[in-house]
Each structure stands twice: as C-alpha cells, then as structure tokens.
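Here the structure is laid out as structure tokens; the discussion comes afterwards.
Derivation of every value follows stated rules applied to the coordinates shown; laboratory data play no part. Treat the numbers as computed from the prediction; the structure is a model and nothing was measured. Heads up, the Cβs are rebuilt from the backbone with ideal geometry, glycines too, and the neighbour counts pull from every protein chain shown.
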Amino acid sequence: MISENILNLITLFFKKLISVNYFILIIISVIFCFGVLLLYSAAGGQMDPWAYKQSIRYIFAIILFIFVSVINIRFWIGSAYYIYFFSLILIIMVAIFGNVGMGAQRWLSLGFINLQPSELMKFSLILVLARYFHAEKEYTVWGNIKIFLIPMILIFLPSYLVFLQPDLGSSILLLITSLTVLFIIGLSLWFFLSSAVICAIAAPFIWMYLLYDYQKNRILTFLDPYNDPLGSGYHIIQSKIALGSGGLFGKGFLEGTQSHLNFLPEMQTDFIFTLLAEEFGLIGTFAMLSLFIILIFYCLIIGILSKSRFGCFVAIGVSINIFYYVFVNTAMVCGLIPVVGVPLPFVSYGGTSMMSVMFGLGLVSNIYINRNVKIERFKEGVFGW
C-alpha cells in the first residue's frame, strides 16, 4: 500500500515535471548565456570572480523555477500573505542587522549569501495583490476607492521602508509596478491623475527634506552630466561613450576598450548593458532586448488566457515587473533617467535578483500549467482557503 502511494506520488511528480513551461526556461537560459559571456568578458576573460559563481546560482535558480511550477497553485494563493509578511520582516531586519555597502544598508548577511529583501518584496507584493483582488467580494472595475485602501497600505509600507535604506531605485520600482497592476485591475484613472498633481505639489518638500544629498546629486547629474565630467557625471559619460563606440556590430568579444581599460563603472552589475553594446553593438543589444520582449509578451498572454483571476493578475504583474527592470536599467545607462541601482535580470551579477525573478517566472509557469483551472474565490480552510 505504501509502495503504491509512493509510486503514485512519483508518477504525479513526473506528470507535473513534463507540464512545466520549458519555453520560458529556454528564453531565460539564452538570456543567461548572454550574461555569462559578459561577466566572463568583464573579468578580462576569466570565469572568476563573477561568471563561475553566477553559473552555480543559475543551477539553483532552475531548481527553484521547477519547484514553484509544480506546487499546487492553491498553495501559492493561500500562502501569499505569509510570503508578503516574511519579506516585510526581512526588510525590517535590514534596518537593524543589515550590512552597509556603497553608502546604503540593503543586505542581510546569511553567511553563504548576502540577501537583498527588497528584491524578494517586488514579487511578494504582486502575489499578495493578486490574492487580495482574487478574493475581494465587492470588486468593481473602475470603481470603489475604499476597496483599494488595503492594497495601498500593502504597497506603500515596504516602499517607504526600502526608501529609508536608502534605495530609491527599488522603492520606485515597487511603487510603479504595483500601481500599474492596480491600474490594470481597475483603479480609476482619476486616482493617478490626482496623485500626479499631489506629487508635483509635494516635489519641493520631497527635494528639501526627504532626498539624500547623493540622490539629489544623481538627479542634477542626469540633467547635466557635463557639469562635473570627472566627478558625479563621470559614470554616465563613460557609459554613453561605450554605447556609441560599439556601432552596429560591436568591437568584438573581449575587445571592449572602455570596459577593459576600467573606464566603465560597475560593468558586472548595473552597467552590464553598456558592455554588451560596446562588444556586440546594436545587433547584440537588439537580440537581447528582443528576447526580453518575447518573454514579457509571453507572460502577458499566459495571464490573459488564465481562467482564474489570481493567475491573470500574477502573470501580468510579473511581466510588468520584468518590463520595468529592463526599461529602468537600459534607460539609466543611456542617460534617459537618473542612475539608480537596478540590475538587468539574468544578465547582471547578483544572486537575490536572479532568484526573485526566477520565483516570479516559476509562478507564471505554474499558472500556465493550471490555466484551465477555475479557482473558487471563497473557501474556508488552511491559509484562508
């Protein structure tokens, strides 16, 4: 009897394993290969210190993707609030026990890894918003502001805590991603217009009392980087030089001068897209951005085809999150927006960001597997189901 049950569990596991969305995994694996090549180049043709470690992390990321994909979707619905509050506690712990690096307190040291909880929160927030609106009884499209009060608290609390670290880039990403999801779900356009007016009125106060000096300096540098070309404007000027010098086909693999002569800052993390443009040119950047576009639209399609509101909201939220990751990172290195610390998914060096995005895409794969499952809105039981 026991052996029969074990056999049934193994059979069920392999059935779910076969149904995992491997198309998503193929796309992100190709993007990751781009990233490994760039990290190899950034280290001067060496696997250490970045490419090797990132490859090991990716193996664990694949395991995480498959695990999230095959777990019963009702588990993720039921545990959404627990995951959110766990991420929130980690953010609070950063303020107490966090490691300080590059002038900010953003990481928790777990010995074998430095964890950045703000990255986890980006997808935890999508999960909890999808859970809330899936179960909301009085949900009306383009209507009731009262229904959106709890989501506003869920959004602004972690965003403010991340802002205090200080991490303006992640704080803004949390806000704009979540608010975009709320707009798609049905929050009135008038809310966003009135919020924009309030922000415009409050801008002088924010500038004088909330922003740190280095954040003000980044905004001023964005407006005129040549005002201090050897100081605050140096990074973005060198980034633009590298972008333009790549031309159509690039200088060639391992042939980037701006990067290998140490003119290019943080080329393994935030400015890795610049390294891509210099060595592989417009063709290389177009190829990578095309892969991201395919991934984003594919996730959107999965969300649209899902028969559950939870699945629809999560898949669309994940696609929006990835879009903002890519847009902010590429626009930043091109000088279109101020410099903020936002990585390029699966390309920039870093473990927490990769695992967080892979968790989100694992949820999308799970939704793909359960796309024809109609999930009840209300049911008592474990985790509120």
The chain, Gaussian network, Cα under 10 Å: of Phe14, Phe156, Phe183, the residue fluctuating most is Phe14
If every Lys and Arg gets +1 and every Asp and Glu gets -1 at its Cβ, then about the Cα centre the chain yields a dipole, in debye to the nearest 20, of 1140 debye
Residue of Phe346, Phe192, Phe313 that the Gaussian network model of the chain assigns the largest fluctuation, springs spanning Cα pairs under 10 Å | Phe192
Would you please give the residues with an amide H less than 5 Å from that of Trp107, counting only those at least 5 places away or on a separate chain, with H modeled from the backbone geometry?
-> Asn99
Residue-normalised 222 nm signal for the chain, counting each DSSP H run of n ≥ 4 as -39,500 (n - 2.57), nearest 500 deg cm²/dmol, is -22500 deg cm²/dmol
Scalar couplings 3J(HN,Hα) for the stretch 44-58 by Karplus 6.51 cos²θ - 1.76 cosθ + 1.60 (θ = phi - 60°), nearest whole Hz, x for Gly and Pro, are x, x, 10, 6, 8, x, 10, 4, 5, 4, 5, 5, 4, 4, 5
Length released on extending from Tyr52 to Phe327, taking residue separation times 0.36 nm less the Cα-Cα span | 96.3 nm
Can you give the extra length, in nm with one decimal, that the chain gains between Phe13 and Leu282 once fully stretched, where that is 0.36 nm per residue apart less the Cα-Cα distance?
-> 92.5 nm
With contacts defined as alpha carbon pairs under 8 Å and 6 or more residues apart, what's the relative contact order of the stretch 8-100 in percent?
-> 27 percent
Convert each backbone phi in the stretch 85-92 into a coupling constant with the Karplus relation 6.51 cos²θ - 1.76 cosθ + 1.60 (shift: θ = phi - 60°), then list the ³J(HN,Hα) values in order as whole Hz, x for Gly and Pro.
-> 5, 5, 5, 5, 4, 4, 5, 5
Summing Lys, Arg as +1 and Asp, Glu as -1, what charge do residues with Cβ under 12 Å from the Cβ of Gly244 carry, Gly244 excluded?
-> +1
Contact order relative to length for the chain, counting C-alpha pairs under 8 Å separated by 6 or more residues, stands in percent at 25 percent
Check the chain and count each lysine pair with an alpha-carbon distance under 23 angstrom, considering only pairs eight or more places apart or from different chains.
-> 12
For the chain, shape from the Cα gyration tensor axes a ≥ b ≥ c, cut at a/c of 1.5 then a/b versus b/c, turns out oblate
Which residue, Leu64, Leu220, Leu174, has the most motion in a Gaussian network model of the chain that connects Cα atoms within less than 10 Å?
-> Leu220
Residue order, fewest to most beta carbons within 10 Å, for Glu255, Glu119 = Glu255, Glu119
Tell me, what HN-Hα J-couplings in whole Hz come from the Karplus equation 6.51 cos²θ - 1.76 cosθ + 1.60 at θ = phi - 60° for each residue of the stretch 226-241, using x for Gly and Pro?
-> 7, 5, 9, x, 9, x, 5, x, 4, 4, 6, 5, 5, 5, 5, 4
